[in-house]
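Written out below as structure tokens is the structure these notes cover.
The values are calculated or read from the model by the stated rules, or taken from the named source; none is laboratory data. Treat the numbers as computed from the prediction; the structure is a model and nothing was measured. Neighbour counts are summed over all protein chains in view; Cβ atoms, including those assigned to glycine, are modelled from backbone coordinates with ideal geometry. For accessibility, only protein heavy atoms count, side chains too; no ligands or nucleic acids. Shrake-Rupley method; radii C 1.70, N 1.55, O 1.52, S 1.80 Å.
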Amino acid sequence: MRAASLFRERFGGEPDGVWLAPGRANLMGEHTDYNDGFVLPFALGQGVTAAAGIAAGSGSPGGRRLTLCSRQEPDTVVEVPLDGLAPGQVTGWAAYPAGVAWALEAAGYPVPDACVAIDSDLPVGAGLSSSAALECATELALTALAGCDVPRADLVTIARRAENEFVGVPTGVMDQSASLRCQAGHALLLDCRSLELAQVPFDPGAAGAALLLVNTRARHSLSDGEYGRRRAECEEAARRLGVPSLRSITDPAEVERLDDPVLRRRARHVVADDQRVLEVVALLRSLPGSSGSPGAAAGSSAAAAGSAGAAGAYGEIGRLLSQAHASLRDDFEVSWPEADVAVEAALAAGAAGARMIGGGFGGSVLALAPSASLDAVRDAITSAFAERAWTAPEFLSATPADAARRLV
Ligand code: ADP
Ligand code: MG
């Protein structure tokens, strides 16, 4: 419990509690969120922990403050005055937790004079949503300290508002939804138009498969400007097709009506990726043990048939992952060399499929492989990076885990 020991070191005394919020990987549906489409994230075992307590001397005349430190930012303790807090007043990493305090108060939830110590085992800026994990861990801590019971759907909105309006990053609703609403052994199907969500059983291990995350450690400076440009291109494509958003297009042939070749490629990716999310969901729901499927019936032959079916379904999901990567690389043009090389090396070493995840131009790759091939996949990617004299990649295991919760 390293967040709790940091709390003791920095603030003295015991925290009132410790909360954990996970990072996430997105199985399918990239750049679909702001097109009102579908995404399918799952929570990771890795996340951000917040050890928090009401500040000693709380209620004294100096006004309420949030006092923050992070093991990943060892040289700073940041004090944020809470009275009159407004966007623009806090910069750097503390803007995320401060933004949560601001958005909670704007939503009518009081924030107490509190000390919060942060620790994390998520790589930062690797597309695994350390920012939302930081927000959500802080949010659970502050609402619990205040004795407020806030519905999870509202916590999602509040944390997103912190990131969009206080930090100033125009992200969609996926990251906070994943951190706050996922369930272990499931992926979360999120309809970004209606905000409806559904839990989809997702247990690759039961089918002899495993997920591997590869932090390519690359971040290309293009990322911010290009993200805005893609959003604008998608809006323009929808406008020319006469629909409110690209989500409304379900027949891929319709996209071919666009005269502009760039807009056509962008729309082709979004429409196809929405379809791929639904295909992955249908495959997962067809598996034994999933509700609506025949179930993992007793008896060895039924179980064997079930696991053969599962292997087939995971092979198909792998194929869709690789297809999505090609679409992000060629049609949406947001991949980066390290991701392309990691995907190729993974496939050559026996992975069922792999793709870049996140907005693009840096971050991580998600690979799905038979468990027996995992070491070979890791070795192949390590060698491919070494041959090019690139910084060695970082590997993380990815097991669909539970949403944010109190630990202590
Ligand atoms: P991602 O969410 O993909 O990891 P972002 O750029 O959205 O990348 O968010 C990363 C930012 O979140 C960091 O630059 C930092 O400001 C903040 N952050 C994340 N984790 C921590 C942490 N453990 N301590 C302090 N700040 C953190
Ligand atoms: Mg982020």
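Numbers for the structure displayed
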read-out	value
Tilt relative to the chain, helix 223-241 - C-alpha long axis, 0 to 90 degrees, to 10	60
For the chain, built as a Gaussian network whose Cα springs stay under 10 Å, the top-fluctuating residue of Thr216, Thr382, Thr76	Thr76
Normalised alpha carbon radius of gyration of the range 336-381 [divisor 2.2 N^0.38 Å]	1.06
Cα-Cα pairs of the range 80-235 separated by more than 24 Å (percent)	41
Share of Cα-Cα pairs in the range 144-275 lying beyond 24 Å, as whole percent	51
Accessible area (Å², 1.4 Å probe, nearest 10) - Arg240	130
Residue-by-residue Karplus 3J(HN,Hα) for the range 172-177, coefficients 6.51, -1.76, 1.60, Hz, glycine and proline x	x, 9, 5, 4, 5, 4
At 1.306 mPa s and 10 °C, Stokes diffusion of the range 312-408 via Kirkwood alpha-carbon radius, µm² per second	113
Added length on full extension, which subtracts the Cα-Cα distance from 0.36 nm per residue, Val124 to Cys148	5.7 nm
Most fluctuating residue given options Ala232, Ala162, Ala354, as computed from a GNM of the chain linking Cα atoms under 10 Å	Ala232
Sum of -39500 (n - 2.57) over DSSP H runs of 4+, divided by residues of the chain (222 nm, nearest 500)	-12500 deg cm²/dmol
Kirkwood Rh in Å, taken over the chain so that all alpha-carbon pairs contribute	22.1
Volume per residue of the C-alpha convex hull in the range 1-73, rounded to whole Å³	151
With 10 Å bins from 0: P(r) over the range 357-408, alpha-carbon pairs, percent	18, 41, 27, 12, 2
Accessible surface, per residue, of the chain when the full set of protein chains is kept, probe 1.4 Å, Å²	39
Whole-Å distance, taken between Cα centres, linking the range 165-229 and the range 322-399	17
Sulfur and carbon atoms: percent of accessible area, the chain [1.4 Å]	51
Spherically averaged projected area in nm², based on the convex hull that wraps the Cα atoms of the range 21-131	8.6
Tensor-based shape of the range 49-98 (alpha-carbon gyration tensor, a/c under 1.5 rounded, otherwise prolate or oblate)	oblate
Efficiency of FRET from Cβ geometry, Asp259 and Ala56, R₀ 56 Å, rounded to 0.05	0.25
Unit Cα scatterers, Debye sum, the range 105-167: log10 I(q)/I(0) for q = 0.17 Å⁻¹	-0.62
Nonlocal amide H pairs with Leu44, under 5 Å, H built at 1.01 Å	Gly23, Arg24, Ala25, Ala401
Local net charge near Gln72, Cβ-Cβ under 12 Å (Lys/Arg +1, Asp/Glu -1)	-2
Highest-MSF residue in the chain out of Ser130, Ser290, Ser179 [GNM, Cα springs under 10 Å]	Ser290
Gap separating the Cα centres of the range 18-36 and the range 41-65, nearest whole Å	23
